[in-house]
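The values are calculated or read from the model by the stated rules, or taken from the named source; none is laboratory data. Predicted model, so just to flag it, every value in this text is computed and none were measured. Cβ placement follows ideal geometry from the backbone for every residue including glycine, while neighbour counts extend to all protein chains displayed.
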Amino acid sequence: MTNQNESLLQVRDLTTTFHSKGRALRAVDGISFDVRAGEVLGLVGESGSGKSISLRSIIGLARDYGTVEGNVYWKGEDLLTRTDKQLQCVRGSQISMIFQEPMTSLNPLLTIGLQIEENLKAHTDLDRRARKARAIELLDTVGIPSASSRLKDFPHQFSGGMRQRVMIAIALASNPELLLADEPTTALDVTIQDQILQLLLSLAKNLNMAIVLVTHDLGVVAQTCDRVAVMYAGRLVETGSVRDVLKRPRHPYTLGLLKSVPENIPPRTPLYSVPGTPPALDALPKGCAFAPRCHKAEDVCLGSKPPLSVLGDGISSACHFTVDIREEVLA
Amino acid sequence: MSSLSYLVSRLLQIIPTFLLVMVVIFLLVRMLPGDPAIAMADAKATEAQLELIRQKLGLNEPLVMQFFYFVKNTLSGDMGTSILLKAPVLDVIIERIPVTAFLTLYAVCLSILIAGPLAFVAALNKNRGLDIAIRSGFQVGLSTPVFYIGLLLLTFLAASLRLFPVGGYGTTFLQHLHHLMLPALTVALYTSAIIMRNLRSAVIEVLDADYVQFARSKGLSRSVILGRHVLRNALISTVTLLGLSIGNLMSGTLVTETVFAVPGLGRLMLEAIFARDYPLIQGLTLTFAVMVSLVFLFTDMVQAWLDPRLRLS
């Protein structure tokens, strides 16, 4: 699994710390994962678990707000050691990102044509005419009707779903090899959500583009991802192939998330939810961060943080009792 | 096409404003204490002579009729004759408009030149030494009365160092620039303090906006991000404020033009008030109202040009 040649992106011990009123808040706490060419990796967790910050840390958008440590190897080169100026040729061209809020992520004062073309201008040698043609082609690709007549339109003339498509078109402009997608469907209607996910999947397949898909929805992961990494309170608690993890979660938190997805239940059954709430960043417990909400927790959980350890079958989990959990699920 | 209809509808809105201003001016002037006839005549005038003047000015007519004549005459370009200068009000005003317009525009340009770059520097160094230094500097400017700054500048730059003339307007464009430097700077220091604070917080807010983060993730250069994405968005709220401060700035010319002996509308207004020159006061107030309305109209046009949501909805 850790064949280095296959990995496009290797994240090692990524740690992002914010400093607020003299206190250090660790939003991302030493996470490591790989993304291989063309694969879709799901990064799952509740709000505030550090998913979005992790994505932003990878391309250097978080360091204006806090300290980012560790290594992010992109094709063997550490992005974290690069300056903003040196990152310009990677951002938007090799690694692109799309954001959660289509309503606020496009500049309201600029035509969408300009917002696509400025990416092309920064990363390609295309002239004006070719940039325009490419912009129309991109809008066409993401499924915007009568694309050529819409270049001069402003973001407020599009619906939420259409704006998300425009954002995807902008991100795809220079044929990136990796797309970082930060909850791209959370702000959309359910029917539109599905369309956007299908679009992303087909684009990834056709363009051989890898995706890191941040979401809080295991249902989305099950539909779209090859591998999944579950995040809790800034740390990865479980990683593995989607099929294995969803079928046999080794970590109690993953199990809890899975049980909260309503599936095949009779009407009027109360929905399950993991008891309690995630800990605040300034009040992280000394031991396992999930221990206060975990039904399996014992003294050892309160005393020390379990490391993410490989369990075989390409699955890793960070729990003191992974073996028991496994038996429980199987039983 | 929709931009044009926006302009037309905005122009039509000026008409009611204009009428309302006429009513207010008319009533205000009539509520001022003192008899204009006494002000016009010399001290030894008899009651019969005063009565003659009152009749000439129409002061014995009912208020409604006076107002009707006022509107009718104003619209036909006749604003009466100045008691003080013994010349048609319209001619006197038209002669002085360029001076005040020049001064105001000059002050606005200086404000923008001072506030714009410093606001950006402060915002990009938020809460660091440079930001705090810039903000404290402007705080002093903001809390010092305009006339006091004016007197300081006059004393040091004009009287002691003789870099600038102490008053007047000059005849050529370059002379205007030279003569009006100190009065414009005086007003600009105050205005730029307001603009700087607003623009700084607008830039800070926009820098954190999703669309700026998205622009950064596209790998755009810093200059494109700041110039195209940050500046335009930050300007929207600042342009409104700038328009409002130009209104303030015009009333500020009463003080500055007097301190710096600039032959503009502001100084004329002050003289007219002291002389109880009713026709001139009316004419000047109306002129200021029209100028301020035009500035607001221009501000709205700039807003619409910046923000397509205003233009196209």
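The table below lists the values:
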read-out	value
Scope region B:270-302; condition crowded, with 18+ Cβ neighbours inside 10 Å and more than 23 Å from B:GLY80 (Cβ to Cβ); matching residues	B:VAL295, B:PHE296, B:THR299, B:ASP300
Per-region count, region A:290-309, residues assigned to a loop (DSSP other than H, G, I, E, B) and not hydrophobic (A, V, I, L, M, F, W, C)	7
Which listed residue is closer than 25 Å to B:ARG309 by Cβ, polar (S, T, N, Q) and modelled with pLDDT of 90 or more, from A:THR81, A:THR104	A:THR104
Odd one out for A:TRP74, checked against (1) over 18 Å from the mean Cα position of the chain (by Cα); (2) more than 9 Å from chain B (Cβ to nearest Cβ)	(1)
Every residue from region A:154-178 that is within 13 Å of A:ALA204 (Cα to Cα) and at the interface with chain B (Cβ under 9 Å from one of its Cβ atoms)	A:ALA171
Top-ranked residue in region A:296-331 [being among the hydroxyl-bearing types (Ser, Thr, Tyr) and within 18 Å of A:ALA229 (Cα to Cα); ranked as modelled with the lowest pLDDT]	A:THR322
B:PHE156 being in a helix (DSSP H, G or I) and either loosely packed, with under 13 Cβ neighbours inside 10 Å or of a type outside the set (Ser, Thr, Tyr) (or both)	yes
Output for region B:171-225, where each listed residue is within 9 Å of chain A (Cβ to nearest Cβ), in a helix (DSSP H, G or I) and without any contact (Cβ under 8 Å) to a residue 12 or more places away in the chain	B:ASP210, B:GLN213, B:PHE214, B:ARG216, B:SER217, B:ARG222, B:VAL224
Residue match in region A:80-102 (condition: part of a loop (DSSP other than H, G, I, E, B), out of contact with any Cys (no Cβ under 9 Å at 6 or more places or on another chain), more than 11 Å from every other protein chain (Cβ to nearest Cβ) and among the acidic types (Asp, Glu))	no
Failed item, numbered, when B:PHE164 is tested on (1) assigned to a helix (DSSP H, G or I); (2) surrounded by 18 or more Cβ atoms within 10 Å (Cβ to Cβ); (3) at pLDDT below 85	(1)
Residue match in region A:100-114 (condition: crowded, with 20+ Cβ neighbours inside 10 Å and of a type in the set (Ser, Thr, Tyr))	yes
Selection from region A:291-326 of residues that are surrounded by 13 or more Cβ atoms within 10 Å (Cβ to Cβ), within 16 Å of A:ILE31 (Cα to Cα) and not polar (S, T, N, Q)	A:LYS305, A:PRO306, A:LEU308, A:VAL310, A:ILE315, A:ALA318, A:CYS319
Helices (runs of 4 or more DSSP H) completely within region B:9-115 that count 3 or more residues being touching a residue at least 60 places away in the same chain (Cβ under 8 Å)	B:14-31
Selection count, region A:206-265, where residues are of a type in the set (Val, Ile, Thr), in a loop (DSSP other than H, G, I, E, B) and in contact with a helix residue (DSSP H, G or I) (Cβ under 9 Å, 6 or more places away or on another chain)	1
Residue match in region B:246-269 (condition: under 25 Å from B:ILE38 (Cα atoms), in contact with a Gly (Cβ under 9 Å, 6 or more places away or on another chain) and modelled with pLDDT under 85)	no
Qualifying residue in region A:270-279 (condition: touching a residue at least 40 places away in the same chain (Cβ under 8 Å) and either among the acidic types (Asp, Glu) or within 27 Å of A:ALA204 (Cβ to Cβ) (or both))	no
Residues satisfying the stated conditions in region A:133-181, i.e. without any contact (Cβ under 8 Å) to a residue 12 or more places away in the chain and at positive phi	A:SER146
Candidates B:VAL92, B:VAL24, B:VAL64 - the one that is at pLDDT 85 or above, β-branched (Val, Ile, Thr) and surrounded by fewer than 11 Cβ atoms within 10 Å (Cβ to Cβ)	B:VAL64
Criterion (under 27 Å from A:SER148 (Cβ atoms) and outside any helix (DSSP H, G or I)) met by exactly one of A:SER202, A:SER174	A:SER174
Qualifying positions in region B:240-249 - of a type in the set (A, V, I, L, M, F, W, C) and buried (at least 18 other Cβ atoms within 10 Å of the Cβ)	B:LEU242, B:ILE246, B:LEU249
Scope region A:105-137; condition within 13 Å of chain B (Cβ to nearest Cβ) and more than 23 Å from B:ARG232 (Cα to Cα); matching residues	A:HIS123, A:THR124
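Residue-wise test of (1) closer than 30 Å to B:ALA158 by Cα; (2) in contact with an Asp or Glu (Cβ under 9 Å, 6 or more places away or on another chain); (3) not aliphatic (A, V, I, L, M).
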position: B:ALA202; (1), (2), (3): no, no, no
position: B:SER217; (1), (2), (3): no, no, yes
position: B:ARG222; (1), (2), (3): no, yes, yes
position: B:THR238; (1), (2), (3): no, no, yes
